[in-house]
Amino acid sequence: MKGEENTAQSGQPEEDNKKTNDNDFSKGSIVRHILSLAVPMTLAQLINVLYSVVDRIYIGHLPHASAEALTGIGLCLPIITIISAFANLFGMGGAPLCSIARGGHEEKRAQKVMGNSFSMLLLTGAVLMILCLVLKRPILYLFGASEATYGYANDYITIYLLGTIFVMVSLGMNNFINAQGFGKMGMLTVLLGAVMNIILDPVLIFGFDMGVRGAAIATVISQGASALWVFIFLTGKKALFRLTRESMKLKASLVKDITFLGTSGFVMSVTNGTVQIVCNAVLARYGGDLYVGIMTVINSVREIATLPLNGLTSGAQPVMGYNYGAGCYKRVKSSIRFITVVGIVFSLILWAVVFLEPRFFLHLFTSEQELIEKGIPALQIYFCGIFMMALQFVGQSTNVALNRPKQAVFFSLFRKVIIVVPLTILLPMIGGLGTDGVFWAEPVSNVIGGTACFVAMLVTVWPTLKEKGADSSGAPSAKTR
(Lines give C-alpha, C1' and ligand atoms only; values in the text may rest on other atoms or scores of the structure.)
Protein backbone atom coordinates (compact mmCIF):
# COMPACT_ATOMS: atom_id res chain seq x y z
CA MET A 1 0.00 0.00 0.00
CA LYS A 2 2.81 2.37 0.85
CA GLY A 3 4.40 1.91 -2.56
CA GLU A 4 1.04 2.54 -4.26
CA GLU A 5 0.53 5.67 -2.16
CA ASN A 6 3.93 7.07 -3.08
CA THR A 7 3.26 6.43 -6.74
CA ALA A 8 -0.07 8.16 -6.56
CA GLN A 9 1.31 11.15 -4.70
CA SER A 10 4.07 11.66 -7.20
CA GLY A 11 1.57 11.62 -10.05
CA GLN A 12 3.47 8.86 -11.86
CA PRO A 13 1.75 5.78 -13.32
CA GLU A 14 3.08 2.30 -12.56
CA GLU A 15 4.76 2.08 -15.97
CA ASP A 16 7.02 4.96 -14.98
CA ASN A 17 8.79 2.69 -12.47
CA LYS A 18 10.40 0.88 -15.39
CA LYS A 19 11.57 4.18 -16.88
CA THR A 20 13.07 5.17 -13.53
CA ASN A 21 15.00 1.90 -13.32
CA ASP A 22 16.25 2.31 -16.88
CA ASN A 23 17.69 5.69 -15.91
CA ASP A 24 19.37 4.47 -12.70
CA PHE A 25 22.95 5.81 -12.89
CA SER A 26 24.03 3.94 -9.76
CA LYS A 27 24.25 0.67 -11.73
CA GLY A 28 26.19 -0.36 -14.80
CA SER A 29 29.19 1.24 -16.51
CA ILE A 30 30.03 4.81 -15.46
CA VAL A 31 31.66 5.48 -18.83
CA ARG A 32 28.58 4.22 -20.68
CA HIS A 33 26.25 6.39 -18.59
CA ILE A 34 28.37 9.51 -19.10
CA LEU A 35 28.78 8.96 -22.83
CA SER A 36 25.09 8.12 -23.27
CA LEU A 37 24.36 11.64 -22.05
CA ALA A 38 27.51 13.44 -23.20
CA VAL A 39 27.32 12.46 -26.88
CA PRO A 40 23.75 13.63 -27.49
CA MET A 41 24.31 16.64 -25.20
CA THR A 42 27.40 17.61 -27.20
CA LEU A 43 25.45 17.29 -30.43
CA ALA A 44 22.62 19.26 -28.86
CA GLN A 45 25.00 22.03 -27.74
CA LEU A 46 26.64 22.04 -31.17
CA ILE A 47 23.26 22.42 -32.77
CA ASN A 48 22.33 25.12 -30.24
CA VAL A 49 25.50 27.08 -30.97
CA LEU A 50 24.63 26.91 -34.65
CA TYR A 51 21.77 29.31 -33.95
CA SER A 52 24.17 32.21 -33.58
CA VAL A 53 27.22 30.82 -35.36
CA VAL A 54 25.37 30.12 -38.60
CA ASP A 55 24.05 33.67 -38.45
CA ARG A 56 27.64 34.94 -38.24
CA ILE A 57 28.79 32.69 -41.08
CA TYR A 58 26.13 34.03 -43.44
CA ILE A 59 26.47 37.63 -42.25
CA GLY A 60 30.25 37.43 -42.63
CA HIS A 61 29.78 36.79 -46.34
CA LEU A 62 27.31 39.58 -47.08
CA PRO A 63 28.46 41.52 -50.16
CA HIS A 64 29.90 45.03 -49.60
CA ALA A 65 29.27 45.13 -45.85
CA SER A 66 30.45 41.85 -44.35
CA ALA A 67 33.07 43.24 -41.94
CA GLU A 68 30.77 45.94 -40.52
CA ALA A 69 27.80 43.58 -40.30
CA LEU A 70 29.90 40.87 -38.60
CA THR A 71 31.21 43.42 -36.12
CA GLY A 72 27.63 44.58 -35.47
CA ILE A 73 26.59 41.03 -34.64
CA GLY A 74 29.64 40.72 -32.40
CA LEU A 75 28.47 43.74 -30.40
CA CYS A 76 25.23 41.88 -29.64
CA LEU A 77 27.02 38.83 -28.23
CA PRO A 78 27.34 40.16 -24.66
CA ILE A 79 23.56 40.76 -24.52
CA ILE A 80 22.87 37.28 -25.89
CA THR A 81 25.36 35.85 -23.40
CA ILE A 82 23.67 37.62 -20.49
CA ILE A 83 20.27 36.25 -21.54
CA SER A 84 21.82 32.78 -21.67
CA ALA A 85 23.27 33.43 -18.22
CA PHE A 86 19.80 33.84 -16.73
CA ALA A 87 18.67 30.67 -18.51
CA ASN A 88 21.64 28.90 -16.89
CA LEU A 89 20.82 30.42 -13.51
CA PHE A 90 17.54 28.53 -13.24
CA GLY A 91 18.18 25.68 -15.69
CA MET A 92 21.62 24.62 -14.50
CA GLY A 93 20.64 25.53 -10.94
CA GLY A 94 17.55 23.32 -10.88
CA ALA A 95 18.72 20.34 -12.93
CA PRO A 96 21.48 19.12 -10.54
CA LEU A 97 19.02 19.41 -7.64
CA CYS A 98 16.64 17.21 -9.63
CA SER A 99 19.40 14.64 -10.20
CA ILE A 100 20.26 14.57 -6.50
CA ALA A 101 16.56 14.27 -5.57
CA ARG A 102 16.11 11.44 -8.09
CA GLY A 103 19.11 9.62 -6.63
CA GLY A 104 17.51 9.94 -3.20
CA HIS A 105 14.11 8.79 -4.57
CA GLU A 106 12.46 12.16 -3.80
CA GLU A 107 10.34 12.40 -6.95
CA LYS A 108 7.96 15.03 -5.58
CA ARG A 109 10.82 17.37 -4.73
CA ALA A 110 12.37 16.83 -8.17
CA GLN A 111 9.08 17.75 -9.84
CA LYS A 112 8.67 20.85 -7.67
CA VAL A 113 12.21 22.02 -8.42
CA MET A 114 11.53 21.73 -12.15
CA GLY A 115 8.23 23.63 -11.92
CA ASN A 116 9.76 26.46 -9.90
CA SER A 117 12.64 26.73 -12.36
CA PHE A 118 10.17 27.01 -15.24
CA SER A 119 8.25 29.82 -13.52
CA MET A 120 11.44 31.77 -12.81
CA LEU A 121 12.57 31.39 -16.44
CA LEU A 122 9.29 32.87 -17.68
CA LEU A 123 9.33 35.79 -15.24
CA THR A 124 12.97 36.64 -15.78
CA GLY A 125 12.66 36.37 -19.55
CA ALA A 126 9.85 38.91 -19.65
CA VAL A 127 11.78 41.38 -17.46
CA LEU A 128 14.98 40.99 -19.49
CA MET A 129 13.19 41.55 -22.78
CA ILE A 130 11.64 44.84 -21.60
CA LEU A 131 14.80 46.20 -19.98
CA CYS A 132 17.07 45.40 -22.93
CA LEU A 133 14.67 46.87 -25.48
CA VAL A 134 14.46 50.11 -23.51
CA LEU A 135 18.22 50.40 -22.92
CA LYS A 136 19.59 48.86 -26.14
CA ARG A 137 21.06 52.07 -27.63
CA PRO A 138 23.27 53.09 -24.68
CA ILE A 139 24.17 49.45 -24.09
CA LEU A 140 25.40 48.88 -27.66
CA TYR A 141 27.50 52.07 -27.64
CA LEU A 142 28.90 51.07 -24.26
CA PHE A 143 29.90 47.72 -25.79
CA GLY A 144 31.93 49.46 -28.50
CA ALA A 145 29.48 50.30 -31.30
CA SER A 146 30.41 52.98 -33.84
CA GLU A 147 28.30 54.88 -36.34
CA ALA A 148 29.29 52.32 -38.99
CA THR A 149 28.24 49.28 -36.93
CA TYR A 150 25.37 50.45 -34.70
CA GLY A 151 22.70 50.06 -37.40
CA TYR A 152 23.53 46.39 -37.94
CA ALA A 153 23.67 45.69 -34.20
CA ASN A 154 20.37 47.48 -33.58
CA ASP A 155 18.55 45.64 -36.38
CA TYR A 156 19.67 42.26 -35.07
CA ILE A 157 19.22 42.68 -31.33
CA THR A 158 15.79 44.37 -31.54
CA ILE A 159 14.27 41.33 -33.23
CA TYR A 160 16.28 38.83 -31.18
CA LEU A 161 15.02 40.30 -27.90
CA LEU A 162 11.40 39.68 -28.92
CA GLY A 163 12.14 35.96 -28.62
CA THR A 164 13.79 36.17 -25.19
CA ILE A 165 11.24 33.92 -23.49
CA PHE A 166 11.70 31.29 -26.21
CA VAL A 167 15.46 31.30 -25.54
CA MET A 168 14.94 31.03 -21.78
CA VAL A 169 12.56 28.06 -22.03
CA SER A 170 14.41 26.08 -24.71
CA LEU A 171 17.85 26.58 -23.20
CA GLY A 172 16.92 26.46 -19.51
CA MET A 173 14.36 23.65 -19.46
CA ASN A 174 16.32 21.33 -21.75
CA ASN A 175 18.57 20.71 -18.73
CA PHE A 176 15.66 18.93 -17.05
CA ILE A 177 15.19 16.58 -20.00
CA ASN A 178 18.87 15.61 -19.69
CA ALA A 179 18.63 15.38 -15.88
CA GLN A 180 15.96 12.70 -16.28
CA GLY A 181 18.34 10.68 -18.48
CA PHE A 182 16.76 11.50 -21.87
CA GLY A 183 19.92 12.70 -23.59
CA LYS A 184 18.71 11.87 -27.11
CA MET A 185 15.45 13.72 -26.54
CA GLY A 186 17.44 16.71 -25.31
CA MET A 187 19.42 16.61 -28.53
CA LEU A 188 16.25 16.47 -30.62
CA THR A 189 14.98 19.54 -28.78
CA VAL A 190 17.63 21.78 -30.27
CA LEU A 191 17.96 19.80 -33.50
CA LEU A 192 14.45 20.88 -34.47
CA GLY A 193 15.21 24.56 -34.01
CA ALA A 194 18.69 24.42 -35.50
CA VAL A 195 17.54 22.75 -38.72
CA MET A 196 14.85 25.39 -39.06
CA ASN A 197 17.43 28.11 -38.47
CA ILE A 198 19.86 26.72 -41.04
CA ILE A 199 17.07 26.54 -43.62
CA LEU A 200 15.53 29.93 -42.83
CA ASP A 201 18.80 31.89 -42.62
CA PRO A 202 19.76 31.92 -46.33
CA VAL A 203 16.12 32.29 -47.36
CA LEU A 204 15.55 35.39 -45.23
CA ILE A 205 19.06 36.89 -45.39
CA PHE A 206 19.64 36.53 -49.12
CA GLY A 207 16.36 35.37 -50.69
CA PHE A 208 14.28 38.16 -49.14
CA ASP A 209 17.29 40.51 -48.93
CA MET A 210 16.67 41.12 -45.19
CA GLY A 211 20.31 40.98 -44.11
CA VAL A 212 20.90 40.89 -40.34
CA ARG A 213 17.17 41.27 -39.67
CA GLY A 214 16.53 38.05 -41.56
CA ALA A 215 19.11 36.26 -39.41
CA ALA A 216 17.40 37.47 -36.24
CA ILE A 217 13.92 36.49 -37.45
CA ALA A 218 15.16 33.00 -38.36
CA THR A 219 16.66 32.61 -34.86
CA VAL A 220 13.48 33.72 -33.07
CA ILE A 221 11.25 31.36 -35.08
CA SER A 222 13.66 28.47 -34.50
CA GLN A 223 13.97 29.09 -30.75
CA GLY A 224 10.18 29.26 -30.55
CA ALA A 225 9.91 25.80 -32.10
CA SER A 226 12.48 24.38 -29.65
CA ALA A 227 10.69 25.94 -26.67
CA LEU A 228 7.39 24.40 -27.76
CA TRP A 229 9.03 20.98 -28.12
CA VAL A 230 10.49 21.18 -24.60
CA PHE A 231 7.15 22.19 -23.13
CA ILE A 232 5.28 19.37 -24.86
CA PHE A 233 7.78 16.74 -23.68
CA LEU A 234 7.93 17.91 -20.06
CA THR A 235 4.12 17.94 -19.82
CA GLY A 236 3.75 14.59 -21.61
CA LYS A 237 3.66 10.96 -20.53
CA LYS A 238 7.26 10.07 -21.39
CA ALA A 239 8.81 12.36 -18.76
CA LEU A 240 9.71 10.80 -15.40
CA PHE A 241 8.33 13.88 -13.65
CA ARG A 242 6.23 16.54 -15.33
CA LEU A 243 5.47 20.22 -15.40
CA THR A 244 2.18 20.88 -13.61
CA ARG A 245 0.43 24.01 -12.37
CA GLU A 246 0.97 22.85 -8.81
CA SER A 247 4.72 22.40 -9.30
CA MET A 248 4.99 25.86 -10.88
CA LYS A 249 3.77 27.63 -7.72
CA LEU A 250 6.83 29.38 -6.39
CA LYS A 251 8.27 28.27 -3.07
CA ALA A 252 10.82 30.66 -1.55
CA SER A 253 13.11 27.97 -0.14
CA LEU A 254 13.28 26.11 -3.47
CA VAL A 255 13.89 29.27 -5.47
CA LYS A 256 16.71 30.10 -3.06
CA ASP A 257 18.30 26.66 -3.49
CA ILE A 258 17.94 26.76 -7.28
CA THR A 259 19.35 30.26 -7.53
CA PHE A 260 22.21 29.52 -5.17
CA LEU A 261 23.36 26.46 -7.10
CA GLY A 262 22.71 28.08 -10.48
CA THR A 263 24.81 31.10 -9.58
CA SER A 264 27.91 29.27 -10.78
CA GLY A 265 26.61 28.84 -14.34
CA PHE A 266 25.15 32.33 -14.18
CA VAL A 267 28.43 33.88 -13.11
CA MET A 268 30.33 31.97 -15.78
CA SER A 269 28.01 33.30 -18.48
CA VAL A 270 27.86 36.84 -17.11
CA THR A 271 31.62 36.99 -16.73
CA ASN A 272 31.95 35.70 -20.31
CA GLY A 273 29.74 38.61 -21.33
CA THR A 274 31.82 40.98 -19.23
CA VAL A 275 35.01 39.76 -20.86
CA GLN A 276 33.45 40.21 -24.31
CA ILE A 277 32.49 43.79 -23.43
CA VAL A 278 35.97 44.63 -22.12
CA CYS A 279 37.70 42.93 -25.06
CA ASN A 280 35.55 44.77 -27.61
CA ALA A 281 36.16 48.12 -25.92
CA VAL A 282 39.95 47.64 -25.66
CA LEU A 283 40.23 46.23 -29.20
CA ALA A 284 38.17 49.11 -30.59
CA ARG A 285 40.65 51.48 -28.94
CA TYR A 286 43.84 49.77 -30.12
CA GLY A 287 42.74 48.20 -33.42
CA GLY A 288 39.36 49.63 -34.46
CA ASP A 289 36.29 47.82 -35.84
CA LEU A 290 38.46 45.28 -37.69
CA TYR A 291 39.75 43.75 -34.44
CA VAL A 292 36.28 43.69 -32.92
CA GLY A 293 35.33 41.60 -35.95
CA ILE A 294 38.35 39.33 -35.37
CA MET A 295 37.26 38.77 -31.75
CA THR A 296 33.76 37.92 -33.01
CA VAL A 297 35.25 35.19 -35.20
CA ILE A 298 37.50 33.92 -32.38
CA ASN A 299 34.52 33.71 -30.01
CA SER A 300 32.65 31.73 -32.65
CA VAL A 301 35.54 29.30 -33.13
CA ARG A 302 35.88 28.87 -29.36
CA GLU A 303 32.17 28.13 -28.98
CA ILE A 304 32.38 25.33 -31.53
CA ALA A 305 35.81 23.98 -30.54
CA THR A 306 35.07 23.59 -26.82
CA LEU A 307 31.66 21.97 -27.30
CA PRO A 308 32.87 18.36 -26.87
CA LEU A 309 34.61 19.32 -23.62
CA ASN A 310 31.55 21.15 -22.36
CA GLY A 311 29.28 18.29 -23.46
CA LEU A 312 31.47 15.74 -21.68
CA THR A 313 31.44 17.57 -18.34
CA SER A 314 27.76 18.47 -18.67
CA GLY A 315 26.91 14.84 -19.42
CA ALA A 316 28.80 13.76 -16.31
CA GLN A 317 26.89 16.10 -14.01
CA PRO A 318 23.59 14.12 -13.84
CA VAL A 319 25.59 10.90 -13.33
CA MET A 320 27.73 12.40 -10.55
CA GLY A 321 24.73 14.10 -8.93
CA TYR A 322 22.62 10.93 -8.96
CA ASN A 323 25.40 8.78 -7.47
CA TYR A 324 26.20 11.45 -4.90
CA GLY A 325 22.54 11.52 -3.85
CA ALA A 326 22.56 7.71 -3.67
CA GLY A 327 25.77 7.66 -1.62
CA CYS A 328 27.80 5.85 -4.32
CA TYR A 329 30.97 7.90 -3.88
CA LYS A 330 33.35 5.50 -5.67
CA ARG A 331 31.28 6.00 -8.79
CA VAL A 332 31.53 9.77 -8.37
CA LYS A 333 35.33 9.46 -8.23
CA SER A 334 35.34 7.24 -11.32
CA SER A 335 33.33 9.89 -13.16
CA ILE A 336 35.82 12.62 -12.22
CA ARG A 337 38.79 10.51 -13.34
CA PHE A 338 37.19 9.71 -16.68
CA ILE A 339 36.25 13.27 -17.65
CA THR A 340 39.67 14.56 -16.51
CA VAL A 341 41.65 12.18 -18.74
CA VAL A 342 39.38 12.54 -21.77
CA GLY A 343 39.16 16.31 -21.32
CA ILE A 344 42.93 16.82 -21.25
CA VAL A 345 43.53 14.58 -24.28
CA PHE A 346 40.81 16.29 -26.30
CA SER A 347 41.98 19.83 -25.45
CA LEU A 348 45.57 18.99 -26.46
CA ILE A 349 44.36 17.74 -29.85
CA LEU A 350 42.21 20.85 -30.21
CA TRP A 351 45.19 23.09 -29.48
CA ALA A 352 47.27 21.38 -32.17
CA VAL A 353 44.53 21.57 -34.81
CA VAL A 354 43.79 25.27 -34.27
CA PHE A 355 47.48 26.15 -34.18
CA LEU A 356 48.27 24.30 -37.42
CA GLU A 357 45.14 25.27 -39.41
CA PRO A 358 43.97 28.72 -38.23
CA ARG A 359 43.17 29.90 -41.75
CA PHE A 360 40.54 27.18 -42.17
CA PHE A 361 38.57 28.36 -39.13
CA LEU A 362 38.76 32.02 -40.16
CA HIS A 363 37.60 31.24 -43.70
CA LEU A 364 34.42 29.74 -42.27
CA PHE A 365 33.29 33.16 -41.07
CA THR A 366 34.70 35.68 -43.51
CA SER A 367 36.27 36.17 -46.91
CA GLU A 368 37.79 39.55 -45.94
CA GLN A 369 41.52 39.07 -46.61
CA GLU A 370 42.71 41.68 -44.11
CA LEU A 371 40.60 40.18 -41.34
CA ILE A 372 41.97 36.71 -42.11
CA GLU A 373 45.64 37.75 -42.21
CA LYS A 374 45.48 39.71 -38.95
CA GLY A 375 43.23 37.11 -37.37
CA ILE A 376 45.68 34.19 -37.81
CA PRO A 377 48.22 35.29 -35.14
CA ALA A 378 45.39 36.44 -32.87
CA LEU A 379 43.70 33.02 -33.07
CA GLN A 380 46.96 31.18 -32.39
CA ILE A 381 47.71 33.30 -29.32
CA TYR A 382 44.19 32.99 -27.93
CA PHE A 383 44.13 29.17 -28.15
CA CYS A 384 47.68 28.41 -27.00
CA GLY A 385 46.58 27.63 -23.42
CA ILE A 386 43.30 25.95 -24.24
CA PHE A 387 44.44 22.56 -22.86
CA MET A 388 44.38 23.98 -19.33
CA MET A 389 40.72 24.89 -19.71
CA ALA A 390 39.89 21.19 -19.35
CA LEU A 391 40.90 21.37 -15.69
CA GLN A 392 38.59 24.35 -15.16
CA PHE A 393 35.68 22.48 -16.77
CA VAL A 394 36.24 19.39 -14.61
CA GLY A 395 36.54 21.34 -11.37
CA GLN A 396 33.49 23.49 -12.11
CA SER A 397 31.25 20.61 -13.20
CA THR A 398 32.19 18.58 -10.11
CA ASN A 399 31.33 21.44 -7.76
CA VAL A 400 27.99 22.03 -9.48
CA ALA A 401 27.06 18.32 -9.63
CA LEU A 402 27.77 17.83 -5.90
CA ASN A 403 25.85 20.96 -4.85
CA ARG A 404 28.88 23.05 -3.85
CA PRO A 405 27.80 26.44 -5.21
CA LYS A 406 30.22 28.63 -3.24
CA GLN A 407 33.26 26.92 -4.71
CA ALA A 408 31.80 26.92 -8.21
CA VAL A 409 30.97 30.63 -8.04
CA PHE A 410 34.37 31.59 -6.63
CA PHE A 411 36.37 29.93 -9.40
CA SER A 412 34.05 31.36 -12.07
CA LEU A 413 34.81 34.83 -10.74
CA PHE A 414 38.47 34.07 -10.15
CA ARG A 415 39.35 33.19 -13.73
CA LYS A 416 37.27 35.74 -15.57
CA VAL A 417 36.91 38.78 -13.31
CA ILE A 418 40.07 38.62 -11.21
CA ILE A 419 42.43 37.43 -13.97
CA VAL A 420 41.08 37.99 -17.51
CA VAL A 421 39.52 41.45 -17.19
CA PRO A 422 42.54 43.15 -15.55
CA LEU A 423 44.96 41.44 -17.96
CA THR A 424 42.85 42.49 -20.95
CA ILE A 425 43.19 46.10 -19.84
CA LEU A 426 46.83 46.01 -18.69
CA LEU A 427 48.67 43.75 -21.16
CA PRO A 428 48.10 45.99 -24.24
CA MET A 429 50.00 48.72 -22.37
CA ILE A 430 53.02 46.52 -21.66
CA GLY A 431 55.92 46.30 -24.12
CA GLY A 432 53.83 47.65 -26.98
CA LEU A 433 51.69 44.50 -27.14
CA GLY A 434 48.60 46.44 -28.21
CA THR A 435 45.90 44.13 -29.55
CA ASP A 436 48.08 41.06 -28.95
CA GLY A 437 47.85 41.79 -25.22
CA VAL A 438 44.08 41.30 -25.35
CA PHE A 439 44.47 37.86 -26.89
CA TRP A 440 47.26 36.82 -24.46
CA ALA A 441 44.94 37.41 -21.48
CA GLU A 442 42.98 34.24 -22.26
CA PRO A 443 45.79 31.64 -22.21
CA VAL A 444 47.32 33.18 -19.08
CA SER A 445 43.96 32.93 -17.31
CA ASN A 446 43.48 29.34 -18.48
CA VAL A 447 46.78 28.26 -16.91
CA ILE A 448 46.27 30.05 -13.59
CA GLY A 449 42.51 29.60 -13.24
CA GLY A 450 42.37 26.03 -14.51
CA THR A 451 45.14 24.85 -12.21
CA ALA A 452 43.66 26.60 -9.16
CA CYS A 453 40.14 25.25 -9.75
CA PHE A 454 41.25 21.64 -10.30
CA VAL A 455 43.72 21.52 -7.40
CA ALA A 456 41.15 23.05 -5.04
CA MET A 457 38.64 20.38 -6.10
CA LEU A 458 41.17 17.62 -5.36
CA VAL A 459 41.97 19.09 -1.95
CA THR A 460 38.43 19.94 -0.79
CA VAL A 461 36.10 17.52 -2.60
CA TRP A 462 38.05 14.32 -3.23
CA PRO A 463 38.76 13.45 0.46
CA THR A 464 35.03 13.76 1.31
CA LEU A 465 34.02 11.10 -1.22
CA LYS A 466 34.38 8.12 1.10
CA GLU A 467 32.21 5.05 0.79
CA LYS A 468 31.56 4.73 4.50
CA GLY A 469 29.10 7.12 6.13
CA ALA A 470 27.58 10.35 4.97
CA ASP A 471 29.36 13.63 4.54
CA SER A 472 28.22 17.03 5.81
CA SER A 473 25.67 17.40 3.04
CA GLY A 474 23.60 14.63 4.57
CA ALA A 475 23.99 12.23 1.65
CA PRO A 476 23.08 8.64 2.59
CA SER A 477 25.69 5.97 3.15
CA ALA A 478 26.70 4.15 0.01
CA LYS A 479 25.67 0.59 -0.57
CA THR A 480 28.08 -1.95 -1.89
CA ARG A 481 27.67 -2.14 -5.62
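Okay, here's what the table says:
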| quantity | calculated |
| --- | --- |
| On Cα atoms only, tilt of 329-356 relative to the major axis of the chain in degrees | 20 |
| Paired Rg and Dmax values of segment 33-177, which use every Cα atom, in angstrom | 18.0, 60 |
| Share of Cα-Cα pairs in segment 265-329 lying beyond 17 Å, as whole percent | 59 |
| Relative contact order (%) - criterion: Cα under 8 Å, at least six apart; region: the chain | 22 |
| Carbon and sulfur %, accessible surface of the chain computed with the full protein complex present, 1.4 Å | 68 |
| Net lengthening on full extension, PHE206/ARG337 (0.36 nm per residue, minus Cα-Cα) | 42.3 nm |
| Pairs from LYS374/LYS416; LYS237/LYS330; LYS27/LYS108; LYS112/LYS333; LYS256/LYS330; LYS27/LYS112 whose Cα-Cα separation, in the structure shown, is over 32 Å | LYS237/LYS330 |
| Projected label distance in nm at LEU122 and VAL134, using a 7 Å step from Cα toward the beta-carbon | 2.2 |
| Extended-chain gain in nm, criterion 0.36 nm per residue less alpha-carbon gap, SER29 and VAL345 | 111.7 nm |
| Computed lengthening from PHE260 to PHE355, 0.36 nm per intervening residue step minus Cα-Cα distance | 30.3 nm |
| If the convex hull is drawn through the Cα atoms of segment 98-161, its volume per residue in Å³ | 102 |
| Quarter of the Cα convex hull surface for segment 209-360, i.e. its orientation-mean projected area (nm²) | 14.4 |
| Separation of the LEU250 and TRP462 label points, Cα + 7 Å toward Cβ, nm | 4.2 |
| With at most 13 neighbouring Cβ atoms within 10 Å, loop GluC sites (Glu not before Pro) (DSSP) excluded, longest segment of the chain | 247-481 |
| Taking segment 50-198 and dividing mean pair separation by its residue count, relative contact order in percent (alpha carbons under 8 Å, at least six apart) | 35 |
| Segment 307-392: relative contact order as a whole-number percent, Cα under 8 Å and 6+ apart | 33 |
| Inter-centroid distance (Cα atoms) of segment 71-104 relative to segment 309-386, Å | 19 |
| Folded to 0 to 90 degrees: helix 435-460 orientation relative to the chain principal axis, Cα | 10 |
| For the chain, the spread of Cα positions along each principal axis, largest first, Å | 73, 46, 35 |
| Between helix 66-103 and the chain: long-axis angle, C-alpha atoms, 0 to 90°, nearest 10 | 10 |
| Normalised alpha carbon radius of gyration of segment 121-212 [divisor 2.2 N^0.38 Å] | 1.33 |
| Charge tally in the Cβ shell below 14 Å around ILE298, where Lys, Arg are +1 and Asp, Glu are -1, ILE298 excluded | +1 |
| Spin-label model distance (nm) - LEU142 vs ILE425, 7 Å beyond Cα toward Cβ | 1.5 |
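The values are calculated or read from the model by the stated rules, or taken from the named source; none is laboratory data. Predicted model, so just to flag it, every value in this text is computed and none were measured. Heads up, the Cβs are rebuilt from the backbone with ideal geometry, glycines too, and the neighbour counts pull from every protein chain shown. The area values use the complete protein model at the heavy-atom level, side chains included, leaving out ligands, DNA and RNA. Shrake-Rupley method; radii C 1.70, N 1.55, O 1.52, S 1.80 Å.
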